[in-house]
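Some notes on the structure that comes next.
The values are calculated or read from the model by the stated rules, or taken from the named source; none is laboratory data. Keep in mind that this is a model prediction, so the values were computed, not measured. When we count neighbours, we look across all protein chains shown, and the Cβ atoms used for this are built from the backbone with ideal geometry, even at glycine.
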């Protein structure tokens, strides 16, 4: 199953996106990992791109979330780009920079995602936006979902 949703480009919406995604993965072995990945990717979109810049060219900022409940599961976040030179692409840092503290609270989000995910990738450009995606081990039988009474058709 695949779900897509667009969120306003605000930090309070990162938690809303995380809640939306983790609810869809109830009953699997990857709820925590989905929460980590959505939180990191959505935070990056809001912090580092036009997604979190409020009004950009008369348009409000937003980020898109796509989740696929399959095995492997996929989480993808799309941003609005940064409008900067083509060299500014989301990049995984493999180690701390010289002089950087290990307990710093920023700068290593994609490293954490890369260690959590089976695979990680990015496509797009700073001018039109990026989609950063991660595949995760589902950790349970997808045919056993949703639990009885969990979701109802309306």
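Only one of the listed residues (118, 136) is surrounded by fewer than 17 Cβ atoms within 10 Å (Cβ to Cβ), modelled with pLDDT of 85 or more and touching a strand residue (DSSP E or B) at 6+ places or on another chain (Cβ under 8 Å). That residue is 118. Is it fair to say residue 65 is touching a residue at least 60 places away in the same chain (Cβ under 8 Å) and part of a helix (DSSP H, G or I)? Criteria not met by residue 65.
Would you check if there is a residue in segment 50-58 being touching a helix residue (DSSP H, G or I) at 6+ places or on another chain (Cβ under 6 Å), surrounded by 15 or more Cβ atoms within 10 Å (Cβ to Cβ) and either in a strand (DSSP E or B) or at pLDDT 95 or above (or both)? Within segment 50-58, one or more residues are touching a helix residue (DSSP H, G or I) at 6+ places or on another chain (Cβ under 6 Å), surrounded by 15 or more Cβ atoms within 10 Å (Cβ to Cβ) and either in a strand (DSSP E or B) or at pLDDT 95 or above (or both). Of the set (1) modelled with pLDDT of 75 or more; (2) in a loop (DSSP other than H, G, I, E, B), all apply to residue 93 but (1).
So that you can scan it fast, the table gives a plain yes or no per residue for (1) in a helix (DSSP H, G or I); (2) surrounded by 15 or more Cβ atoms within 10 Å (Cβ to Cβ); (3) without any contact (Cβ under 8 Å) to a residue 12 or more places away in the chain:
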site	(1), (2), (3)
6	no, no, no
10	no, yes, no
18	yes, yes, no
23	yes, no, yes
28	no, yes, no
32	yes, no, yes
36	yes, yes, no
39	yes, yes, no
42	yes, yes, no
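On the basis of being modelled with pLDDT under 95 and in contact with a helix residue (DSSP H, G or I) (Cβ under 8 Å, 6 or more places away or on another chain), does residue 46 make the cut? Against the criterion (modelled with pLDDT under 95 and in contact with a helix residue (DSSP H, G or I) (Cβ under 8 Å, 6 or more places away or on another chain)), residue 46 qualifies. For segment 23-39, enumerate the residues that are over 9 Å from the mean Cα position of the chain (by Cα) and within 17 Å of residue 1 (Cα to Cα). Answer for segment 23-39, where residues must be over 9 Å from the mean Cα position of the chain (by Cα) and within 17 Å of residue 1 (Cα to Cα): 23, 24, 25, 26, 27, 28, 29, 30, 31.
Looking across 68, 37, one residue alone is modelled with pLDDT of 95 or more, in contact with a helix residue (DSSP H, G or I) (Cβ under 8 Å, 6 or more places away or on another chain) and closer than 19 Å to residue 119 by Cα. It is 37.
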